[in-house]
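I have placed the structure first, in the form of structure tokens, so that the comments after it can refer back to it.
The values are calculated or read from the model by the stated rules, or taken from the named source; none is laboratory data. Quick caveat, the model's predicted, so the values are computed rather than measured. No Cβ is skipped: glycine too gets one built from the backbone with ideal geometry, and neighbour counts run over all protein chains shown. Heads up: the accessible areas ignore ligands, DNA and RNA and are worked out on the full protein's heavy atoms, side chains in. Shrake-Rupley method; radii C 1.70, N 1.55, O 1.52, S 1.80 Å.
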Amino acid sequence: MNKIALAVLLTLLVVIGINNLGEIVFHEEELEANAYPVEVEMAAADTGEEAVAEEGPSLAALLASASAADGEKVFKKCKACHTAEEGGKNGTGPNLWAIVGRDKASHEGFGYSDAMTAKGGSWTYEDLDHFLTKPKDFIPGTKMAFAGLKKGTDRAELIAYLRSLSATPMDLPAVEEVAEKAAEVVDDAAEAVESEVH
Ligand code: HEC
């Protein structure tokens, strides 16, 4: 009798043991599922670092040393469609007097594309830089038929010239501030990863 009872008890113990084992395995699987958001955050942190690394000199740094006179030469590429002087006529494209800081698609008497009108906001240095890199990437559907300027220095010179087309040129972006902002973004991403891990 005792032996049978012992056998039953042992069997029970083995069964409970297997169940617990199953639970342990199950828990591990659950942990793996929980680990996903961490991976997403890590990916976000990675792109943040990449963006900073790929940029090279920031737009602010390029603008700080760009000459408006050189930019006027680059502007020859734009003259077929744009006038630059105050009160200049609209051509294929709108007049660009005081374009830096001007609301997008806001020049009187020019018929903008729906895409340009829908973009919204004003022409900041950064938006101009993105737009002039490849207009159709920044505003898909724009009717500005211009491929873009690949060289960051060309764009910076051109933007320095556009900035000069104003009675009150907008302040240049501060170089340190931009670098600090980039560092902040990377820090925030790293913190987010830390808090997910712990
Ligand atoms: C082939 C003609 C053409 C050329 C060349 C061209 N543009 Fe344009 N540009 C346009 C047209 C058309 C628009 C209006 C786009 C729209 O409404 O989608 C425009 C719009 C713009 C705007 C937005 C204006 C606003 O009021 O919101 C800027 C800034 C601009 N162009 C700058 C330039 C610069 C700088 C160059 C030279 C590198 C250039 N463009 C070359 C035709 C041209």
**Request:** Determine which member of the set Gly111, Gly101 is modelled with pLDDT of 95 or more and at positive phi.
**Result:** Gly101
**Asked** Within the range 127-142, is even one residue within 23 Å of Glu86 (Cα to Cα), of a type in the set (Val, Ile, Thr) and part of a helix (DSSP H, G or I)?
**Response** no
**Asked** Does Phe110 satisfy the criteria of being part of a helix (DSSP H, G or I), within 10 Å of the ligand (Cβ to nearest atom), open to solvent by less than 50 Å² (accessible area, probe 1.4 Å) and free of Cβ contacts under 8 Å to residues at least 24 places away in the same chain?
**Response** no
**Item:** One residue from Leu172, Leu158 being touching a residue at least 40 places away in the same chain (Cβ under 8 Å) and assigned to a loop (DSSP other than H, G, I, E, B)
**Value:** Leu172
**Complete:** Condition set closer than 16 Å to Thr142 by Cα and touching a residue at least 12 places away in the same chain (Cβ under 8 Å), scope the range 83-94, selection surrounded by the most Cβ atoms within 10 Å (Cβ to Cβ): answer is Pro94
**Request:** Being exposed (fewer than 13 other Cβ atoms within 10 Å of the Cβ), touching a residue at least 12 places away in the same chain (Cβ under 8 Å) and more than 19 Å from Met170 (Cα to Cα) is the filter here, so list the residues in the range 121-143 that pass it.
**Result:** Pro140, Gly141
**Request:** May I ask you to say which residue of Ala105, Ala80 is under 25 Å from the mean Cα position of the chain (by Cα), within 8 Å of the ligand (Cβ to nearest atom) and touching a residue at least 12 places away in the same chain (Cβ under 8 Å)?
**Result:** Ala105
**Message:** Suppose we filter Thr117, Thr153 for residues that are among the hydroxyl-bearing types (Ser, Thr, Tyr), assigned by TED's automatic domain parsing to the domain that holds Ala64, near the ligand (Cβ under 9 Å from one of its atoms) and modelled with pLDDT of 95 or more; which single one remains?
**Reply:** Thr117
**Message:** Take the conditions more than 19 Å from the chain's Cα centre (by Cα), outside the structural domain of Ser67 (by TED's automatic domain parsing), open to solvent by less than 40 Å² (accessible area, probe 1.4 Å) and in contact (Cβ under 8 Å) with a residue 24 or more places away in the chain and apply them to Val197. Does it pass?
**Reply:** no
